[in-house]
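Okay, structure first, notes after.
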Amino acid sequence: MESMLRPDALKGRTIVVTGGGTGLGRSMTEMLLGLGANVCITSRKLDVLQKTADELVSASGGHVLAVACDVRNYEEVENLSKVVRERFGSVDGLINNAAGNFISPTERLSGKAFQTVIDIVLMGTVNCTLVFGKEWIAGGERDKSILNVVTTYAWTGSGYVVPSACAKAGVLALTRSLAAEWGHYGIRSNAVAPGPFPTKGAWSRLLPGDMIEKFDMAKRVPLGRLGEHRELADLVAYLISPFSGYINGEVVTIDGGEWLKGAGQFSMLDQVEPGMWDTIEQMVRGAKGS
Ligand code: HXC
Ligand code: NAP
């Protein structure tokens, strides 16, 4: 995976990627490895993680540690930290990428369904941030970086994924709050907000069956296409690296302009045939004085 950073940009640094066995987390891991980082990937399914680790190591020759950990469980996250430190000595970056999500009208959700998503997305991010952050602070370790993966509806909100929207909004608040509070410890907190990037995990839960044909996500994007994994991975590598050392408390949107198009009141005028604009102009000019 080609990067804007030089190939040894992350050499000697250790980065933990939650949800690193699949989808975007896997692509981030591949990019980080290519830049020389040691990467610890974690999620609930050890078999998936180990397969990813084996494949990426055989392709890159780098170091990937696969550790099973449910980020909802604080003790499991403490164990994760212990294991990764035993293997690599220290941790320099944490990418809170793990998530749970599915579409549903909100009135169909049970309290447990809502809680499940909040627990994975918000509390999982909180748990990892607390465990690694406390250790960095207690040890006086500096030059550390936390990167949270949110999405644009963290600030716009969105129907049909309301638990996720609430949780991602909380993660964004956490990002900005800790940027201010922990900056003096040498810990940066940033976020990325991806638009649509095809992954099996997201697509199967957000656009199941033939919904993928009915709701073409690319049509929502001014650039007319979906995101490519390497584009997000490159941004993530930069933001987790010391090269972005003065960026703190930022959320970088990477969505081809999708959310702004959704917000703009007249964005629907892109459906007007170009040949119609002469007639429309005449009608508008004709309205003068009326
Ligand atoms: C209504 C549902 C439901 C559905 C589950 N529940 N699916 N309710 N509609 N489709 C309810 C269950 O009935 C149960 O409540 C509760 O939620 C917990 O369900 P479990 O299956 O026991 O939970 P668990 O095994 O922990 O699985 C979590 C999960 C699952 C979130 C439900 O989908 C998962 O493992 N997801 C991980 C990966 C993922 O979601 N990736 C996509 C990220 S994409 P009751 O009351 O019945 O017991 C993303 C994109 C953002 O975030 C932006 C895109 C543009
Ligand atoms: P994905 O492949 O389903 O990734 C989610 C990962 O989270 C999985 O590896 C899953 O692994 C892990 N996970 C879920 N619950 C967990 C738990 N309790 N503990 C530990 N790990 C857990 O989906 P993705 O599309 O790559 O999503 C990655 C991130 O990008 C998410 O934060 C998502 O919200 C964000 N995002 C994606 C898009 C998109 O278009 N794809 C857009 C905006 C934002 P296990 O099941 O093995 O635990």
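For region 109-123, filtered to residues that are farther than 20 Å from residue 74 by Cβ and either at pLDDT below 95 or more than 6 Å from ligand 1 (Cβ to nearest atom) (or both), the residue that is surrounded by the fewest Cβ atoms within 10 Å (Cβ to Cβ) is 111. Residue 36 - would you say it is open to solvent by 10 Å² or more (accessible area, probe 1.4 Å) and outside any helix (DSSP H, G or I)? Against the criterion (open to solvent by 10 Å² or more (accessible area, probe 1.4 Å) and outside any helix (DSSP H, G or I)), residue 36 qualifies.
Taken over region 63-82, the criterion of being in contact (Cβ under 8 Å) with a residue 40 or more places away in the chain, in a helix (DSSP H, G or I) and open to solvent by 10 Å² or more (accessible area, probe 1.4 Å) is satisfied by 74, 78.
Only one of the numbered conditions (1) of a type in the set (D, E, K, R); (2) crowded, with 20+ Cβ neighbours inside 10 Å; (3) over 29 Å from residue 222 (Cβ atoms) is violated by residue 181, and that is (2).
Of everything in region 1-13 that is closer than 23 Å to residue 198 by Cα and either within 16 Å of ligand 1 (Cβ to nearest atom) or at pLDDT 95 or above (or both), the residue that is most open to solvent (accessible area, probe 1.4 Å) is 4.
Restricted to region 14-33, and to residues there that are β-branched (Val, Ile, Thr) and outside any loop (DSSP other than H, G, I, E, B), the residue that is farthest from ligand 1 (Cβ to nearest atom) is 14.
For region 252-290, taking the residues that are open to solvent by less than 100 Å² (accessible area, probe 1.4 Å) and of a type in the set (Asp, Glu), the one that is nearest to residue 176 (Cα to Cα) is identified as 255.
The values are calculated or read from the model by the stated rules, or taken from the named source; none is laboratory data. On a predicted model such as this, the values are computed, not experimentally measured, just so you know. With ideal geometry, Cβ positions are generated from the backbone for all residues, glycine too; neighbour counts draw on all protein chains shown. Just so you know, the surface numbers come from the protein's heavy atoms only, side chains and all, with ligands and any DNA or RNA stripped out. Shrake-Rupley method; radii C 1.70, N 1.55, O 1.52, S 1.80 Å.
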